[in-house]
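Following: one structure in C-alpha cells, then a few remarks.
A short reminder: the numbers here are calculations on the coordinates, not readings from a lab. If you're wondering where the values come from, they're calculated on a predicted model, not measured in any experiment. Using ideal geometry, Cβ is built from the backbone for each residue, glycine included, and neighbour counts are taken over all protein chains shown.
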Amino acid sequence: MAGRTTAEPATRRRGNTRAEIQHAALSRFTDQGYDKTSLREIAEDLGITKAAVYYHFHSKDEILESLMGEAITRLDELVSWVHQQPPTREVRLELITRLSAAANDGLGDLMRCVQVNETALASMPDHVNLAHRYKHELWDAATPPDASVADRLRFRLAVMAVLLASKGMAELGGTAQERAAAALEVATELMP
C-alpha cells in the first residue's frame, strides 16, 4: 500500500522497533481502517514476527494509546509555552511555526487517522476530540482577550491552514514539504 514503510530486519537499528511499529500501525489505521487492521499485518509490513510486536504492544489499542500519549504531551507543552508568553504577533508566529513542525512530524498523521476512524474510535471519545480540544486551547491561549472578531478569525484560520496542510492534501499539488511551507506562508499573512 502507498505510504507504508517497510524495513528489512537486517537493516533495522536497535531501539527503533517500537517507533517503527507505531509508524506502520498509524499508516495501516489511516489507509485501511482501525477496525480492519491486525497486529499480524503490522508485523508483516515491517518484516518482523507478531511476537516482536507483542513485545512492545499487546494490542492495537495500546499502540494507539502510545501515539495519543505522545501527541498529548507535545500539545500540552505547546499550550503551556504559549501561556507563558506575552500575547504578541511574534509569539503567535512562533506558535504557528512550532505547530507546523509538530504537525509535519507525525501529529498531522495522527489527527488524520483519528478523523478517518472517527466511528471506529467512538468508544474512545478523548481520541476523537483531540484535534478539536487542542485547536481551542491554542486559540484561547494565544489570542489576546481584547482581540477583535476579525483578528480572532484570522488566528483561527492561520492555525487551520497549518493543520490542513499537514493532513495529506495531495490534491493541492507539490510535495508535503512544499505544502507545509505554503501553509506557513499563508498562516503568516493571516496572523494578526
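Give me Rg over Rh for segment 13-129, both radii from the alpha carbons and Rh done the Kirkwood way, two decimal places. Walk me through the numbers on the way to the answer.
Working: Rg = 16.2 Å, Rh = 15.5 Å.
We get a ratio of 1.05 for segment 13-129.
Quote the charge dipole size of the chain about the Cα centre in Debye, to the nearest 20; the model charges only the Cβ of Lys and Arg (+1) and of Asp and Glu (-1).
On the way: 22 positive and 27 negative charges, 49 e Å.
Roughly 240 debye for the chain.
Show me, for segment 21-30, the HN-Hα J-couplings you get by feeding each phi into the Karplus relation (A = 6.51, B = -1.76, C = 1.60, θ = phi - 60°), rounded to Hz, glycine and proline as x.
Whole-Hz 3J(HN,Hα) from phi for segment 21-30: 5, 4, 5, 5, 5, 4, 5, 4, 4, 6.
Take segment 69-191, drop everything but the C-alpha atoms, weight them equally and run the Debye formula without solvent; then report log10 I(q)/I(0) at 0.16, 0.21 Å⁻¹ to two decimals.
Listed by q, the Debye log ratios stand at -0.76, -1.23.
By the scheme Lys and Arg +1, Asp and Glu -1, what is the net charge of all other residues having a beta-carbon under 12 Å from that of residue 139? Walk me through the numbers on the way to the answer.
Working: positive: 92, 133, 135, 152, 154, 156; negative: 137, 140, 151.
Taking every Cβ under 12 Å from that of residue 139, the sum is +3.
What whole number of Å gives the distance from the Cα centroid of segment 92-120 to the Cα centroid of segment 14-90?
Comparing the Cα centres of segment 14-90 and segment 92-120, I get a distance of 12 Å.
From the phi angles alone, apply the Karplus equation (6.51, -1.76, 1.60; θ = phi - 60°) to segment 102-113 and give each ³J(HN,Hα) in whole Hz, x where the residue is Gly or Pro.
3J(HN,Hα) across segment 102-113, in whole Hz: 5, 4, 7, 10, x, 5, x, 4, 5, 5, 5, 4.
Mind listing the phi-derived Karplus ³J(HN,Hα) values for segment 63-70, rounded to whole Hz, using 6.51, -1.76 and 1.60 with θ = phi - 60°, and x for any glycine or proline?
In residue order, the calculated couplings are 5, 4, 4, 5, 5, 5, x, 5 Hz.
Could you tell me which residue out of 192, 64, 99 lies farthest along the dipole of the chain toward its positive end? Charges go on the beta carbon: Lys and Arg +1, Asp and Glu -1, centred on the Cα centre.
Going by the charge dipole, the pick is 64.
Just order 16-26, 44-54 by mean Cβ neighbour count inside 10 Å, highest at the front, would you?
Numbers: 16-26: 19.1, 44-54: 16.7.
Taking the mean over residues of other Cβ atoms within 10 Å, the ranking is 16-26, 44-54.
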